[in-house]
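J.: A single structure is presented below for examination.
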Amino acid sequence: KMAAAAGGAGAAAALWSEVNRCGQNGDFARALKSVNKILQISKDDVTALQCKVVCLIQNGNFKEALGVINTHTKVLTSDIIAFEKAYCEYRLNRIENALKTIQSASQQTDKLKELYGQVLYRLERYDDCLAAYRDLIRNSQDEYEEERKTNLSAVVAAQSTWEKVMPEDLGLREATYELCYNSACALIGQGKLNEAMKKLQKAEELCRQSLSEDSDVTEEDIEAELAIIHGQMAYIMQLQGRTEDALQLYNQIIKLKPTDVGLLAVIANNIITINKDQNVFDSKKKVKMTNAEGVEHKLSKKQLQAIEFNKALLAMYTNQADQCRKLSASLQSQSPEHLLPVLIQAAQLCREKQHAKAVGLLQDFADQHPANAAEIKLTMAQLKIAQGSVTKACMILRSIEELQHKPGMVSALVTMYSHEEDIDSAIEVFTQAIQWYQQFQARTNYGCCVFQPKSSVHLSLIREAANFKLKHGRKKEAISDLEELWKQNPKDVHTLAQLISAYSLVDPEKAKVLSKHLPSSDTMSLKVDVDALENSHGATYVRKKAGKLTGDNQQKEQGQGDVKKKKKRKKGKLPKNYDPKVTPDPERWLPMRERSYYRGRKKGKKKDQVGKGTQGSTTAGSSELDASRTASSPPTSPRPGSAAAVSATSNVIPPRHQKPAGAPATKKKQQQKKKKGAKGGW
């Protein structure tokens, strides 16, 4: 037995040396085999069990490693194996369990603090996470300081993006592309898009520089690393309204086929938002990317929520009513106070022409969640207007107490009441808004006896109310508003003129008294430079006064007059065959049909020239068309006009000027015909 024990101890020592050598070389698979052999010799060896857990973690077998820890709880206590257990739970996305394991550890080592910061970030507890990383940076000095600063900047960026917290200046030197990228994300959260784009461009440059130094890194590897930076650039373009550029960059990233499922899901979701209710088939393809395995562990809660909202909207646009209702109901159960789920449900009901049911749904939500009632009631009013119930829409809007005094709300209500010709209700809206500002001023000036001027919004409401009353003939009601305005600004001539105009119809004597406050005509004369006004860029018509010009201007005008006198009228062109001795035809400018000598179109003139009969037969006019006969023998009868053409060319009358013979006779015949056809007349 002693010899066997000695042999076992020697074998164990050899196995331990093998484990040590493999661990230094990074060959954890081979080290695991040696550890298993050691555990066959001593199954409860604490060191061997720890080594086995580490080897499994290094090989990525987190579930098996956690199984070993849970199986040997008596040997592997929390003090010994707390970090490894928490790390396995973290990698298996059991974040809450990892937090409990860390908090239950008796001693908080640096490794546990590092993991604690990561866990808090995944749980979106950004304030606690920021404090944890600050403590780590303050109390640690090793080669991982740059990584800790990067994580710290990521926390600040998340606060700015998701919690809308103004980020504080951490004084971090942006020497790496990760720090530049996180700084850009923080700027996006603040709405500083142009500055964020510059940071991203700097991050891209630093990334290329750092990766190009490694000879083993290819251009494809660099592009894959730059994908997340380009994705954020495309998001900025989308926010700036450059949707075409953003869409092109998004598609370029998708073609690279990055391994980060979270990045692909975000890009696919953003493309869906660009498509909206157009290109729904492409949006359906992109939805599949958002459903990839592991996406829920890569994105924040708000990102996942936005993706689900867009899925519900896409289902509505593609007429998948049941799917839309299912998704929106699920979202409402997850976030009962959120507005979007109930708005999507109401929109789906409106698409199904169930407007009354949609309004009832919105009313129920407004009653259950008074804090969000204002936005819901605005939607209800919009639905009522779409149905043509303007009066009911006004009632809903007036029930929103926190918006009653807003100028936009007052303007909308007055416009709607005017459309319905309900002038009394419109004036009542003005009155309530003015009273609200009076009460607000009384509360703010409580205990102060000094005269306080009214706010600009208050005065503008009074002026609009007065103008509205004057427009609709309510002179007496407008007078009090105008007097209040004049009291606030006695130098306002426009208000005084309106007040006098209103009093002239109600109390002429009062109007006369007030007219004394008008400034005299001398003080109201406007000092206007007429020449400068006429020569201004906007002057389109200038009327110059008649008068004598002196000096250079007179010479200039005379010179222009001489130039005008020298201009001659251009002679019109005459016809080539024009003969001044012949009197032109007075009807030459009329169309041929309207001339007195027009006989009408001769019918059958060409019929005689068309060959008839059997093939090869000749017609009476064929001899005239025979060129040989005309050359050898003269024609039997002269052609019309041929003798005149041979005898005297100088006496030829041009066709444009000549009047055909027999024209008066034709005119007489036409008159006789008209007389004959007038038998059945008056």
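J.: Limited to the range 111-153, what total is found for residues that are surrounded by fewer than 20 Cβ atoms within 10 Å (Cβ to Cβ) and within 33 Å of the chain's Cα centre (by Cα)?
T.: 2
J.: Also: Would the range 84-100 turn up any residue that is in a loop (DSSP other than H, G, I, E, B), touching a helix residue (DSSP H, G or I) at 6+ places or on another chain (Cβ under 7 Å) and under 28 Å from C22 (Cβ atoms)?
T.: Scanning the range 84-100 turns up at least one residue that is in a loop (DSSP other than H, G, I, E, B), touching a helix residue (DSSP H, G or I) at 6+ places or on another chain (Cβ under 7 Å) and under 28 Å from C22 (Cβ atoms).
J.: Please tell me if Q159 is part of a helix (DSSP H, G or I) and outside the structural domain of S78 (by the TED database).
T.: Criteria met by Q159.
J.: Return yes or no: is Q435 surrounded by fewer than 14 Cβ atoms within 10 Å (Cβ to Cβ), modelled with pLDDT of 80 or more and in a helix (DSSP H, G or I)?
T.: yes
J.: Also, quick follow-up: Tell me, which residue of the range 237-282 that is under 15 Å from K311 (Cβ atoms) and of a type in the set (S, T, N, Q) is farthest from the chain's Cα centre (by Cα)?
T.: The extreme case among them is N269.
J.: Return only the number of the condition from (1) part of a helix (DSSP H, G or I); (2) of a type outside the set (A, V, I, L, M); (3) closer than 20 Å to S460 by Cβ that S425 does not satisfy.
T.: Unmet condition: (3).
J.: Pick from the range 62-108 the residues that are closer than 19 Å to T47 by Cα and among the polar types (S, T, N, Q): which of them is surrounded by the most Cβ atoms within 10 Å (Cβ to Cβ)?
T.: By that ranking, first place goes to S78.
J.: Those residues that are within 18 Å of Q354 (Cα to Cα), part of a helix (DSSP H, G or I), of a type outside the set (D, E, K, R) and open to solvent by 50 Å² or more (accessible area, probe 1.4 Å), I need them from the range 379-393; list them, please.
T.: Q382, I385, A386
J.: Among the residues of the range 358-372 satisfying the criterion of being more than 14 Å from E401 (Cα to Cα) and more than 29 Å from the chain's Cα centre (by Cα), which is surrounded by the fewest Cβ atoms within 10 Å (Cβ to Cβ)?
T.: Going through the qualifying residues, I end up with D367.
A quick yes/no check of all residues on (1) in contact (Cβ under 8 Å) with a residue 12 or more places away in the chain; (2) open to solvent by 40 Å² or more (accessible area, probe 1.4 Å):
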| position | (1), (2) |
| --- | --- |
| A356 | no, yes |
| A374 | yes, no |
| M395 | no, yes |
| L403 | yes, yes |
| M409 | yes, no |
| L413 | yes, no |
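J.: Which members of the range 270-313 meet the condition of being open to solvent by 50 Å² or more (accessible area, probe 1.4 Å), assigned to a helix (DSSP H, G or I) and among the basic types (K, R)?
T.: Result: K284, K285, K288, K301, K302.
J.: Further question on the same structure: Just checking, how many residues over the range 351-368 are charged (D, E, K, R) and part of a helix (DSSP H, G or I)?
T.: 4
J.: A follow-up question, please. Taking the condition of being among the acidic types (D, E) and within 15 Å of L99 (Cβ to Cβ), how many residues in the range 128-159 meet it?
T.: Within the range 128-159, residues that are among the acidic types (D, E) and within 15 Å of L99 (Cβ to Cβ) number 1.
J.: Of all residues being of a type in the set (D, E) and within 15 Å of C207 (Cα to Cα) in the range 167-190, which is least open to solvent (accessible area, probe 1.4 Å)? Just the residue, please.
T.: So the residue we want is E174.
J.: State yes or no: is Q323 of a type in the set (S, T, N, Q), in a helix (DSSP H, G or I) and either open to solvent by less than 40 Å² (accessible area, probe 1.4 Å) or over 24 Å from E124 (Cβ atoms) (or both)?
T.: In short, yes.
J.: Looking at (1) out of contact with any helix residue (DSSP H, G or I) (no Cβ under 6 Å at 6 or more places or on another chain); (2) closer than 24 Å to L362 by Cβ; (3) open to solvent by 70 Å² or more (accessible area, probe 1.4 Å), which is the only condition Q248 fails?
T.: Just one mismatch for Q248, condition (2).
The values are calculated or read from the model by the stated rules, or taken from the named source; none is laboratory data. All values derive from a computational prediction rather than experimental measurement. Cβ sites come from the backbone with ideal geometry, for glycine too, and all protein chains shown count toward neighbours. Ligands, DNA and RNA are stripped out before the accessible areas are found, and what is left, the full protein with its side chains, is counted by its heavy atoms. Shrake-Rupley method; radii C 1.70, N 1.55, O 1.52, S 1.80 Å.
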